[in-house]
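Novice: The following block contains the structure, expressed as structure tokens.
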Amino acid sequence: MGVYDPGLSRRSAEEAHALRSHCQHFSRLGWALFGQAASALTVQILAIFLTGRLAPGLMHRAVFLWGLSVLSVYGVGFPVFCAVAGSAEAPPVAAPKRPLGPARFFQAYFIGLSVLYLANSITLLLLSLAELLRGQPVTNPVDSIQNYPVGLNLLLGCVIAPITEEFMFRRLLLDRLRPYGDLFAVLASALCFGLFHGNFNQFLYAFALGAVFGYIVLRTGCLWQTIVLHAMVNVIATGVSPLLGLLGERGEQLLGTLVLGSILLGVVFLAALRRELRFGPGRLGLSPGRTWRLFFENPGMLFFCLLALLEAVSFLIDFPGN
């Protein structure tokens, strides 16, 4: 017959309470992400429904569609995320304030472009296989951006999105994940950043860029630098690419040279800096496997991942009338 050990029982209860606390923490962050996506989708659905009834002509105007997208995602979804995530506890983390120097900033920029283009190449390959299996093209939601005026795309891609998204994922979210370990914080926040985009076309390269930006913020403590890097990455698609498109075949050649050169430079810089990569350990005593399980096994994150998956799959389905 075993001997009852009140000390062991008490430790087990304390451990269970701590695990529940971690799970609730991750769930709150998941609900913040879910709230952002759900509120943005709700605004879009209601606006499209009302506009279709009251002013159907607006549905074909690029400025209206751009404004609806920006208002729903950043005007409504962004405050919802900040309100919910901001209420989650963020243990103080001593982050250094050492901005990247000009040379390292230049290297970080091309590393970002490199991982973006490499990840996008993998995505295009996978989507090509999907098209082959389906026997028809896969809708690319990013293509709709080309219908918006260049000036509005520059405003969105180089001002609005960098500021709001960096604050969401590399400040509010990253700070609340860092106590579980730097590597976990970088990868988990990058994963959420990829899912935030809600489509397969952008998931991989958003994840890769999110990892680069997250690491930079952890090492430097300077959010403003990733905001600038984010804008500089986006300006290629929103400004440089349309400009080169006006040059026809010559422009396509220049764009191809830019892409290839960026990949090569980024790979060289990343290889040279790989020995400098370092990640601080977690301070909460959880193993990596247990941390990832707690991160996913909670209602908030499950609902967010499910919603992001449903959004992504919707672009693979041919609805009547499309």
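Novice: So, of the residues in segment 185-213 that are within 16 Å of Q36 (Cβ to Cβ) and aromatic (F, W, Y), which turns out to be surrounded by the most Cβ atoms within 10 Å (Cβ to Cβ)?
Specialist: Going through the qualifying residues, I end up with F193.
Novice: A follow-up question, please. Confirm whether G248 is under 26 Å from V142 (Cα atoms) and loosely packed, with under 14 Cβ neighbours inside 10 Å.
Specialist: The answer is yes for G248.
Novice: Do we find a residue being over 26 Å from M301 (Cα atoms) and either of a type in the set (D, E) or not in a helix (DSSP H, G or I) (or both) anywhere in segment 210-221?
Specialist: yes
Novice: Sort through L132, L116, L152 and tell me the only one that's assigned to a helix (DSSP H, G or I), among the aliphatic types (A, V, I, L, M) and either closer than 25 Å to G266 by Cβ or in contact with a strand residue (DSSP E or B) (Cβ under 9 Å, 6 or more places away or on another chain) (or both).
Specialist: Unique residue meeting the criteria: L116.
Novice: Quick test for you: out of S314, S241, pick the one residue that is within 21 Å of L191 (Cα to Cα), among the hydroxyl-bearing types (S, T, Y) and without any contact (Cβ under 8 Å) to a residue 24 or more places away in the chain.
Specialist: Answer to the check: S314.
Novice: Failed condition for G198, given (1) assigned to a helix (DSSP H, G or I); (2) over 17 Å from F110 (Cα atoms), with all others met?
Specialist: Among (1) assigned to a helix (DSSP H, G or I); (2) over 17 Å from F110 (Cα atoms), the lone unmet condition for G198 is (1).
No lab work stands behind these numbers, since they all come straight from the coordinates. This structure is a prediction, so every number in the text was calculated from the model and none was measured. Glycine gets a Cβ as well: all are built from the backbone with ideal geometry, and neighbour counts include every protein chain shown.
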